[in-house]
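Below is one structure; the comments refer to it alone.
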């Protein structure tokens, strides 16, 4: 029994979290050749705040810090009362759809900001909807 538990924990830790997500496409940007996805199961609400995991999937690899990546997975936090957002965690992946070992990560929450782009507003709507 102890070995089954240890094997289950190992398998859970060995599989990257983006691979476990049930991604739903919610927008595309033909100019920048990126498709946006979110994981409905990741939406967690506490009071006026909501958190949701989103993914940017690029048609062609992009470059960040000298490393190529094809997708970016972010945990966003949304203020449902004040229409603000911040990125809590970001991880760049070498393969599309959040696959491959992350090439870079930011794990420190960014400051709160007002939403300026249509994509940000749509993400807020998805995270904060009743």
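Table for the structure above
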{"read-out": "Those residues of region 114-124 which are farther than 11 Å from residue 27 by Cβ and at pLDDT below 95, in sequence order", "value": "114, 115, 116"}
{"read-out": "Candidates 53, 35 - the one that is under 13 Å from residue 75 (Cα atoms), surrounded by 14 or more Cβ atoms within 10 Å (Cβ to Cβ) and modelled with pLDDT of 85 or more", "value": "53"}
{"read-out": "Residue ID - nearest to residue 56 (Cα to Cα), chosen from residues in region 88-99 that are more than 10 Å from the chain's Cα centre (by Cα), touching a residue at least 40 places away in the same chain (Cβ under 8 Å) and surrounded by 16 or more Cβ atoms within 10 Å (Cβ to Cβ)", "value": "97"}
{"read-out": "Any pair with Cβ under 7 angstrom, 6 or more apart, that starts in region 59-81 at a residue that is in a loop (DSSP other than H, G, I, E, B) and ends at one that is at pLDDT 95 or above", "value": "80/48; 80/49; 80/50; 80/128; 81/48"}
{"read-out": "Qualifying residue in region 8-27 (condition: assigned to a loop (DSSP other than H, G, I, E, B), at pLDDT below 85, more than 12 Å from the chain's Cα centre (by Cα) and within 17 Å of residue 97 (Cβ to Cβ))", "value": "yes"}
{"read-out": "Residue satisfying all of: in region 82-130; in contact with a helix residue (DSSP H, G or I) (Cβ under 8 Å, 6 or more places away or on another chain) and part of a loop (DSSP other than H, G, I, E, B); farthest from residue 33 (Cα to Cα) among these", "value": "83"}
{"read-out": "Residue 45 vs. criteria in a strand (DSSP E or B), more than 11 Å from the chain's Cα centre (by Cα) and free of Cβ contacts under 8 Å to residues at least 12 places away in the same chain", "value": "no"}
{"read-out": "Test for residue 114: is it over 15 Å from residue 54 (Cα atoms), surrounded by fewer than 14 Cβ atoms within 10 Å (Cβ to Cβ) and either within 15 Å of the chain's Cα centre (by Cα) or touching a residue at least 12 places away in the same chain (Cβ under 8 Å) (or both)", "value": "yes"}
{"read-out": "Failed condition for residue 108, given (1) surrounded by fewer than 19 Cβ atoms within 10 Å (Cβ to Cβ); (2) touching a strand residue (DSSP E or B) at 6+ places or on another chain (Cβ under 7 Å); (3) farther than 17 Å from residue 21 by Cα", "value": "(2)"}
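The values are calculated or read from the model by the stated rules, or taken from the named source; none is laboratory data. Here the structure is a predicted model, which is why all the values come from computation and not from measurement. Heads up, the Cβs are rebuilt from the backbone with ideal geometry, glycines too, and the neighbour counts pull from every protein chain shown.
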